[in-house]
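Engineer: My questions will all concern the structure given below.
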Amino acid sequence: MLEALVLFLAAFVQGLAGFAFALLAVPLLSLEWPLLRVVPLVALCGFTLNVLMLWLLRRSFHWRPVAGLVLAAIPGVFVGAKALGFFPEKVLRWVLFVAVSGYALWETLNPGARRIRLSPRWGPLFGFAAGFLGGMLNTPGPPVVVYVSLLRMDKDTLKSALQGAFLCIAAFMVAAHGLYGRLSPEILRLYATYLPFIVGGMFLGQWIYLRLGERSYHRLVHLFLVLSALASLLKVF
């Protein structure tokens, strides 16, 4: 099953880098399925991955740096989920492409920005943007990764902060799709079918992550951001 392979590989990247599950899964799955099926399914899978990974990294997690981001993401999720039903699919694909490639290019072409250290006071701005993109296209990753990476944390603290933020956002994303009637029996059946593949991919990625040093991990984060941007190009044109 091609869809199972896509979800396994996306979960592997999530386990390895701490993000990019939706950024990879949404554009690849949408080559075969409409976004109205892909987005709620990936939201359920992503929520599951975030729960498992945050549990594995619970000793490194600190709530304070991501609290403002998460709280501001809540209204953004519902605004974005509501917008999903009002835009043509082509427009949604453009939004996906711009959101993913924008940060990847910023990180790759502007290395001087890596010296910037953000204050947690910036969290609400990034949080609303993340919630909106998450609710509409299940891609809250770019604003969250930009914000958390600029807080300058070690790799375990950074990865656990990503999981905590994504877990809270994903919970409201799932709730928003349920509110708008998109968690159909078909979506729940697909979720149950593919759950073993995403869990297996995540644990494989986490196993490799534990063997990476600090510098290697941060380089890997940048690499997967670029690959995520390339993946979003698949069906834009």
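Engineer: So Val100 ticks every box in (1) at pLDDT below 65; (2) surrounded by 15 or more Cβ atoms within 10 Å (Cβ to Cβ) but one. Which box is left unticked?
Structural biologist: (1)
Engineer: Take the conditions at pLDDT 85 or above and under 17 Å from Phe132 (Cα atoms) and apply them to Pro75. Does it pass?
Structural biologist: yes
Engineer: Now, a different point. Which condition breaks for Leu23 when tested against (1) in a helix (DSSP H, G or I); (2) surrounded by fewer than 23 Cβ atoms within 10 Å (Cβ to Cβ)?
Structural biologist: Among (1) in a helix (DSSP H, G or I); (2) surrounded by fewer than 23 Cβ atoms within 10 Å (Cβ to Cβ), the lone unmet condition for Leu23 is (2).
Engineer: Please tell me if Gly15 is within 17 Å of the chain's Cα centre (by Cα), surrounded by 24 or more Cβ atoms within 10 Å (Cβ to Cβ) and under 20 Å from Tyr217 (Cβ atoms).
Structural biologist: Judged against the criteria, Gly15 is a match.
Engineer: Mind checking which residues of region 193-221 are modelled with pLDDT under 95, assigned to a helix (DSSP H, G or I) and small (Gly, Ala, Ser)?
Structural biologist: Within region 193-221, Gly205, Ser216 meet the criteria.
Engineer: Of all residues in region 41-71 being touching a residue at least 60 places away in the same chain (Cβ under 8 Å) and of a type in the set (Gly, Ala, Ser), which is surrounded by the fewest Cβ atoms within 10 Å (Cβ to Cβ)?
Structural biologist: Filtering first and then ranking leaves Ser60.
Engineer: Can you name the residue in region 111-126 that is in contact with a Phe, Trp or Tyr (Cβ under 8 Å, 6 or more places away or on another chain) and modelled with pLDDT of 80 or more and is also surrounded by the fewest Cβ atoms within 10 Å (Cβ to Cβ) among such residues?
Structural biologist: Trp122
Engineer: Are any residues in region 33-69 hydrophobic (A, V, I, L, M, F, W, C), outside any loop (DSSP other than H, G, I, E, B) and within 25 Å of Gly85 (Cβ to Cβ), and if so, which ones?
Structural biologist: If the condition is that a residue be hydrophobic (A, V, I, L, M, F, W, C), outside any loop (DSSP other than H, G, I, E, B) and within 25 Å of Gly85 (Cβ to Cβ), then Leu35, Leu36, Val38, Val39, Leu41, Val42, Ala43, Leu44, Cys45, Phe47 are the ones that fit.
Engineer: Please go through region 133-175 and pick out each residue that is surrounded by fewer than 24 Cβ atoms within 10 Å (Cβ to Cβ) and over 23 Å from Arg64 (Cα atoms).
Structural biologist: Scanning region 133-175 gives Val174, Ala175.
Engineer: Just wondering, is there one or more residues in region 19-32 that are within 16 Å of Val148 (Cβ to Cβ) and out of contact with any Gly (no Cβ under 6 Å at 6 or more places or on another chain)?
Structural biologist: yes
Engineer: Which pairs do you get when a residue that is of a type in the set (Lys, Arg), found in region 117-130, comes within reach of a residue that is at pLDDT below 90 and part of a helix (DSSP H, G or I), reach meaning Cβ atoms under 9 angstrom, with the pair 6+ apart or on two chains?
Structural biologist: Arg121/Gly68
The values are calculated or read from the model by the stated rules, or taken from the named source; none is laboratory data. All values derive from a computational prediction rather than experimental measurement. For neighbour counting, all protein chains shown are included, and Cβ atoms are generated from backbone atoms with ideal geometry for every residue, glycine included.
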